[in-house]
1. Identify, from the list 144, 177, 148, the residue that is modelled with pLDDT under 90 and within 26 Å of residue 120 (Cβ to Cβ).
2. Within segment 144-155, track down each residue that is crowded, with 17+ Cβ neighbours inside 10 Å and closer than 11 Å to residue 166 by Cα.
3. Within the set of pairs 6 or more residues apart or between chains, which connect a residue that is surrounded by 15 or more Cβ atoms within 10 Å (Cβ to Cβ) inside segment 35-47 to a residue that is not in a helix (DSSP H, G or I) with Cβ atoms less than 8 Å apart?
4. So how many residues does segment 59-83 have that are surrounded by fewer than 19 Cβ atoms within 10 Å (Cβ to Cβ), within 19 Å of residue 130 (Cα to Cα) and without any contact (Cβ under 8 Å) to a residue 60 or more places away in the chain?
5. Please enumerate the residues belonging to segment 84-93 that are crowded, with 18+ Cβ neighbours inside 10 Å and at pLDDT below 90.
6. Restricting attention to segment 16-59, and to residues there that are in a loop (DSSP other than H, G, I, E, B) and within 21 Å of the chain's Cα centre (by Cα), which single residue is nearest to residue 118 (Cα to Cα)?
7. So how many residues does segment 154-192 have that are over 19 Å from the mean Cα position of the chain (by Cα), part of a helix (DSSP H, G or I) and in contact (Cβ under 8 Å) with a residue 24 or more places away in the chain?
8. Report yes if residue 74 is within 17 Å of the chain's Cα centre (by Cα), under 30 Å from residue 202 (Cα atoms), modelled with pLDDT under 85 and part of a loop (DSSP other than H, G, I, E, B), otherwise no.
């Protein structure tokens, strides 16, 4: 290789190899904590340990990156029904265990300390673009999953068959959203258990 080619090779940008999925996962707690508006590109650089050019070249601007993080977070909801129903206990107990796991302070996983979708809904409710569509889709997926859980419980005689499954799924979903807001800054286990107990009185 001659000196000229070596020189031009030195000038070419280096392509950093990294796991995009892990990068998006690492940004979830950051956006939960600071929100979209409160998170700067420097915060993102500090969290990911990637330079700005790598981030921009891979994900685009902050808004596009935020959308990618939201999509990654929303993917978790796809398997919620199976996650609940796979627990080796009756459906009511499994659902209660799942609900407490959303807020329990025993988990070391900082990604459990709040909900990115709830945070986004409160912060960017006026957005009429892709983010709003993602939030609506995520809500629909979650309610359908909860409805599936209720109907399975009814089939197994774990939940009152007279209950309207869709109405109950909506009730559970709204309870989850309320608890997420209530526990956004500090988890109160006693109050959370009281609210969940009130929810299960409807069963």
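1. That would be 177, the only listed residue that is modelled with pLDDT under 90 and within 26 Å of residue 120 (Cβ to Cβ).
2. 145, 146, 147, 148, 149, 150, 151, listed by residue number.
3. 36/124
4. 9
5. Filtering segment 84-93 for residues crowded, with 18+ Cβ neighbours inside 10 Å gives 84, 91.
Within segment 84-93, just 84 meets the criteria.
6. First, pick out the residues of segment 16-59 that are in a loop (DSSP other than H, G, I, E, B): 16-19, 39-40, 49-51.
From what is left, the residues that are within 21 Å of the chain's Cα centre (by Cα) are 19, 39-40.
Working: 19: 26, 39: 16, 40: 20 Å.
The qualifying residue nearest to residue 118 (Cα to Cα) is 39.
7. So in segment 154-192, the residues over 19 Å from the mean Cα position of the chain (by Cα) come out as 154-168, 171, 188-192.
Now narrow it down to the ones that are part of a helix (DSSP H, G or I): 154-155, 165-168, 171, 189-192.
Retained after the next criterion (residues that are in contact (Cβ under 8 Å) with a residue 24 or more places away in the chain): 168, 171, 189, 192.
Residues that pass the stated criteria total 4.
8. Details: within 17 Å of the chain's Cα centre (by Cα): yes; under 30 Å from residue 202 (Cα atoms): yes; modelled with pLDDT under 85: yes; part of a loop (DSSP other than H, G, I, E, B): no.
No: the conditions fail for residue 74.
The values are calculated or read from the model by the stated rules, or taken from the named source; none is laboratory data. Not measured: the values here are computed from a predicted model. Neighbour counts run over all protein chains shown; Cβ positions are idealised from the backbone, glycine included.
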